[in-house]
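The structure appears right after this line, and notes come after that.
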Amino acid sequence: MSFFGNVDFQKLTYTERTCYSYLRDNVDKIPYLRVRDIALEAHVGTSSVMRLIHKMGYDSYTDFKEYIIDKKELEKGISNTAIPFSSDIFSGDVEQRLDNLAQRVIESDNIIFTGVGSSGLICDYAARRLAGVGINTFSFSDVTYPIASKLQNTTNTLVIALSISGETNEIIEVLTSLRSNKDVYISSITPKINSSIAELSDFVLTYRINEHRINTHYDLTRQLPTVYLTERLTDLVYQRSN
């Protein structure tokens, strides 16, 4: 499980490395351990445990433990799906690309998620998570709203579009209306790298997934990869901001 953020192992002290190794090898125990339990079992001091927790990007041990619990629940849900969720669906540089997007989020004044249907619901979820870590963000799924006019007097806006097909007409219209605004940077999360939405974007996060539709219009394609990417993005933003 990757929960150590961007910590540089080479910069850790010998004691912190010992604690690091213990946490890595005992992930399942973490939800049930206190700081002093970890210190006792890893044969280090409680102050060393907390220094490592802070270096990993967490404000407190409680934050770290809650993240582990949430991560394990997500992995449990993934393992119970009919189609296994595998990291192979992402490109090899996905973590670096997520890190780049996280930096863009931090540097932007406004973050707007946009999508329709099930993607719109994930936009609401993603915006709420980022708002929870102090980012000025909102979800935009009413594509009839004159968003281009609203952004005329704003600067440094990041738009993140979510679309399974990459050809959602309403989102294409929104992104097209924003292309002329030099203060708007467009990113998208879609499995279709050659789609219209991807081509309208300055930055694309992509993955591989098999589309599943019923009667042409009812999209039952799994959205777990998109949920994972938006959650991981929030994690990186939080770690970089603290």
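The values are calculated or read from the model by the stated rules, or taken from the named source; none is laboratory data. Not measured: the values here are computed from a predicted model. Using ideal geometry, Cβ is built from the backbone for each residue, glycine included, and neighbour counts are taken over all protein chains shown. Ligands, DNA and RNA are excluded from the accessible area calculation, which covers all protein heavy atoms including side chains. Shrake-Rupley method; radii C 1.70, N 1.55, O 1.52, S 1.80 Å.
Quantify, in whole percent, the carbon and sulfur part of the accessible surface of the stretch 87-242 (1.4 Å probe; protein heavy atoms only).
Working: 3530 of 7590 Å².
About 47 percent, which is the carbon plus sulfur part of the accessible surface.
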**Study point:** Ranked by how many other beta carbons lie within 10 Å on average, peptides 156-168, 29-41 from highest
**Key:** 156-168, 29-41
Review point. Considering only protein heavy atoms, what per residue accessible area in square angstrom results for the stretch 9-80 with a 1.4 angstrom probe?
Key: 59
Exercise for review: Mind ranking H54, H43 by accessible surface for me, highest first, 1.4 Å probe?
Suggested key: H43, H54
Check your understanding: What percent does the relative contact order of the stretch 87-241 come to when contacts are Cα pairs within less than 8 Å and at least six residues apart?
Key -> 26
Review point. Ordering T234, T154, T144 by how much accessible area each has at a 1.4 Å probe, largest first, what is the list?
Key: T144, T154, T234
Exercise for review: Return the distance in nm (one decimal) between the two label points of a simple spin-label model at I106 and D70, each offset 7 Å from Cα along Cα→Cβ.
Suggested key: 1.8
Revision key, fill the gap. Between S177 and N136, the two model label points (7 Å from Cα along the beta-carbon direction) sit apart by a distance in nm of 2.1
Check your understanding: How would you order 171-181, 185-195 from highest to lowest mean count of nearby Cβ atoms within 10 Å?
Key -> 185-195, 171-181
